[in-house]
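Structure first, then comments.
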Amino acid sequence: MKSALSTLAGAALAIGLFVAPAMAQEDGIIVYNAQHESMAKEWAEGFTKETGIKVTLRNGGDSDFSNQIVAEGAASPADVFLTENSPAMALVEASGLFAPVDADTLAQIPREYQPTTGKWVGVAARSTVFAYNKTKLNADQLPKSLLDLADPSWKGRWAASPSGADFQAIVSALLQLKGEPATADWLKAIKENFTAYKGNGTVMKAVNAGEIEGGVIYHYYYFGDQAKTGENSGNVELHYFKNQDPGAFVSISGGGVLASSKHPKEAQAFLKWVTGKGGQDVLTTGTSYEYAVGKGAESNPKLVPLADLQAPKVDPATLNSKKVTDLMTAAGLL
C-alpha cells in the first residue's frame, strides 16, 4: 500500500509539474506593444520558450496605446505595456495604472535608464541624431546644438516628423531641460525653418535624395537601412550633438506591468526576462539597432557606445506628452 501511495504521489507531482506550464500557456499574458514588432516577437518567443508562458502581442503606437490604457482604466485586458519612448509610459504612470516593478527587475537596469519612481523600467534606448546629406554639408557646417536649428540661417534646410512620437519625445526632453518659455520659442522658430515629413524614415529618405540638407531623427533608422540595401542612406551621415545638449537626448523605451493585470506574476516575469540577459541579447544580435540598457549588456557593435553619446540627464518619469502636444499645437506644428 505504501508503495502504491508513493507511486500515486509521484504521479500527482509529475502531473502538477506539467499542469502548471500548461495552465500558464492557456491563460498567458497580453502585451500592448508599441515597440518594433520584430523585436517584441523575439522577446515573446524567447520568453515563452524558456518559461512555457504564452505571450499575445497587440501591436500599435506609443500615444495610441497610452491613451487607450488610460481610457480602459482598471478594465484594460493588457498585462504589460511596452513603448518606444518614455512620454507614453509617463502618461500611464500619472494615471496611477502601473504596478511597481519587482526589485529584482529594477536591479538589472542602471538607474539612468529607469524612472525615479520605479513604476516602470527601461528596456532599450535610442539616440537623437542630426542625419545630414554628406554631399551638401561638411562637418564644420553642422549645427552645434539642437537649438541652433531655430536660427534663420537654417530656414528651409532641415526636416523632422512633428506628428510622430519620436520627435515629440525629443521636445519633451527639451521642455524638461530648458523650460516652457524656451521650448515654446524654439517651436515657434522652427515652424518657420523646417519642412515637415511624416515618419523618420521619410525624413532620412528625403535627406538622402538631397531634397533637404538634414533632419532630426533617431539613430537606428540609418543603421537599419545600411544593414539592408542602403538605398535610403547612401548619402547620409549621422551627427551626434553630445555635450549634454538637448539634441543628445537618449530616449528610453519602457516596459511596465498594469496594476489591473490578471496575471501579475507572469507579467512581472516577462519584464524581468526582457531586461535580463535573454531579452537584452536580442538587442545585441537583432535588427532593431536600438541600444541595450541592461547591466553588462552589449549593444550592437556598429553603434556608437552609449557612454560616448554624452546625453543630458533626463528623468523619464517627468516627460510631459500632454504639455508638449499643447505647445506644438500652439506653434502650428500639429
Original post:
Taking Cα atoms, how many degrees apart are the long axis of helix 165-178 and the longest axis of the chain, rounded to 10 and kept between 0 and 90?
Top reply: 70
Original post:
Within straight cross-link reach of residue 54, meaning Cα distance under 16 Å, which aspartates and glutamates are found once same-chain residues fewer than 8 apart are removed?
Top reply: 26, 27, 42, 45, 79, 266
Original post:
Which lysines have a Cα lying under 21 Å from the Cα of residue 49, excluding residues fewer than 8 positions away in the same chain?
Top reply: 41, 265, 272, 277
Subject >> Gaussian network model of the chain, Cα within-10 Å springs - most flexible of 115, 100, 152 >> reply: 152
Subject >> C-alpha center-to-center spacing [region 92-152, region 294-320] in angstrom >> reply: 7
Original post:
residue 178: which lysines have alpha carbons under 28 Å from its alpha carbon, excluding same-chain residues fewer than 8 sequence positions away?
Top reply: 119, 144, 155, 188, 191, 198, 242, 313, 322, 323
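May I ask you to work out the translational diffusion coefficient for region 167-219 at 37 °C, viscosity 0.692 mPa s, via Stokes-Einstein with Rh from the Kirkwood sum over Cα pairs, reported in whole µm²/s? The partial results should precede the final answer.
Numbers: Rh = 12.2 Å.
Stokes-Einstein gives a translational diffusion coefficient of 270 µm²/s.
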Original post:
Among 148, 281, 308, which one shows the biggest mean-square fluctuation in a GNM of the chain, springs joining Cα atoms closer than 10 Å?
Top reply: 308
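With a ≥ b ≥ c the root eigenvalues of the C-alpha gyration tensor of region 101-195, is it rounded (a/c under 1.5), prolate (a/b larger than b/c) or oblate?
Working: a/c = 2.92, a/b = 1.95, b/c = 1.50.
Because a/c hits 1.5 or more and a/b exceeds b/c, region 101-195 counts as prolate.
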Original post:
Do the sum for the chain: with -39,500 (n - 2.57) for every DSSP H run of n ≥ 4, divided by all residues, what is the mean residue ellipticity at 222 nm, to the nearest 500 deg cm²/dmol?
Top reply: -13000 deg cm²/dmol
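Would you mind getting the accessible area per residue of the chain, heavy atoms of the protein chains only, 1.4 Å probe, in Å²?
Numbers: 14770 Å² over 334 residues.
I get 44 Å² per residue for the chain.
For the chain, what proportion of DSSP beta bridges, expressed in % and rounded to the nearest 5, is antiparallel?
60
What number, in nm² with one decimal, is the all-direction average of the projected area of the convex hull of the alpha-carbon atoms of region 183-299?
Numbers: hull surface 42.1 nm².
With every direction weighted equally, the projected area is 10.5 nm².
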**OP:** Can you send over the solvent-accessible area of residue 53, 1.4 Å probe, protein chains only, in Å² to the nearest 10?
**Re:** 20
Original post:
If you line up the long axis of helix 2-27 against the longest principal axis of the chain, both from Cα atoms, how many degrees apart are they, to the nearest 10?
Top reply: 20
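The values are calculated or read from the model by the stated rules, or taken from the named source; none is laboratory data. All of these numbers come straight from a predicted model, not from anything done at the bench. Surface accessibility is based on the protein's heavy atoms, side chains included, excluding ligands, DNA and RNA. Shrake-Rupley method; radii C 1.70, N 1.55, O 1.52, S 1.80 Å.
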